[in-house]
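The values are calculated or read from the model by the stated rules, or taken from the named source; none is laboratory data. As the structure is a computational prediction, the values presented were derived from the model and not from experiment. Cβ coordinates were reconstructed from backbone atoms using ideal geometry, including for glycine residues, and neighbour counts include every protein chain displayed. The accessibility values were calculated without ligands, DNA or RNA, using every heavy atom of the protein model including side chains. Shrake-Rupley method; radii C 1.70, N 1.55, O 1.52, S 1.80 Å.
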Amino acid sequence: NVTADPRLNEIHHGEWEALAENELPDIELYRRWREDPTSCTLPGAEALDAVHARAVAAMRDIAARHPSSEGLVAVVSHQIVLALLKCYILDRPWSQIRRHALGVASYEVLTAGEGFAPRP
């Protein structure tokens, strides 16, 4: 069964939501954000810590509903959300978010500890 969870939605890009790259008012800020989203904030955008909190809460709920004995669970989301979750699982700093970002239409298999805890 497929269950949608809005906590796994992409980060809200604030005033720049739904704008094409050539429509952005500050391309240098956008490039800095694309390189390292921890280095700056887009105008009116959702904070990374808020995205992280909602995504981790969603994953904890998913893990609680699906014990490992039931097999794999596919979680589909967006680049920033998944990268934050990978940093959490691998216990990496958010400054490595781009290193852990998945490409478009890709997948990765990660195993999380009991209770969706990061690995020691």
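Please report the carbon-and-sulfur percent of the accessible area for the chain; probe 1.4 Å, protein heavy atoms only, DNA, RNA and ligands left out.
52
So how exposed is ARG34, as accessible area in Å² (1.4 Å probe, rounded to 10)?
Per-residue accessible area (ARG34): approximately 100 Å².
Connecting C-alpha atoms closer than 10 Å in a GNM of the chain, tell me which of ALA45, ALA53, ALA74 has the biggest fluctuation.
Ranking ALA45, ALA53, ALA74 by mean-square fluctuation puts ALA74 first.
Please identify, among VAL81, VAL51, VAL73, the residue showing maximal mean-square fluctuation in a Gaussian network model of the chain using a 10 angstrom Cα cutoff.
Ranking VAL81, VAL51, VAL73 by mean-square fluctuation puts VAL73 first.
How much net charge surrounds HIS100 when only other residues with a Cβ under 11 Å from its Cβ are counted (Lys, Arg +1; Asp, Glu -1)?
It works out to a net charge of +3.
Largest first, please: the extent of the C-alpha atoms of the chain along each principal axis, to the nearest Å.
Over the chain, Cα extents along the principal axes are 50, 31, 24 Å.
Excluding ligands, DNA and RNA, what is the solvent-accessible area per residue of the chain at a probe of 1.4 Å, expressed in Å²?
65
For the chain, modelled as a GNM with alpha-carbon contacts under 10 angstrom, which of ALA20, ALA83, ALA101 fluctuates the most?
Its mean-square fluctuation being the largest, the pick is ALA20.
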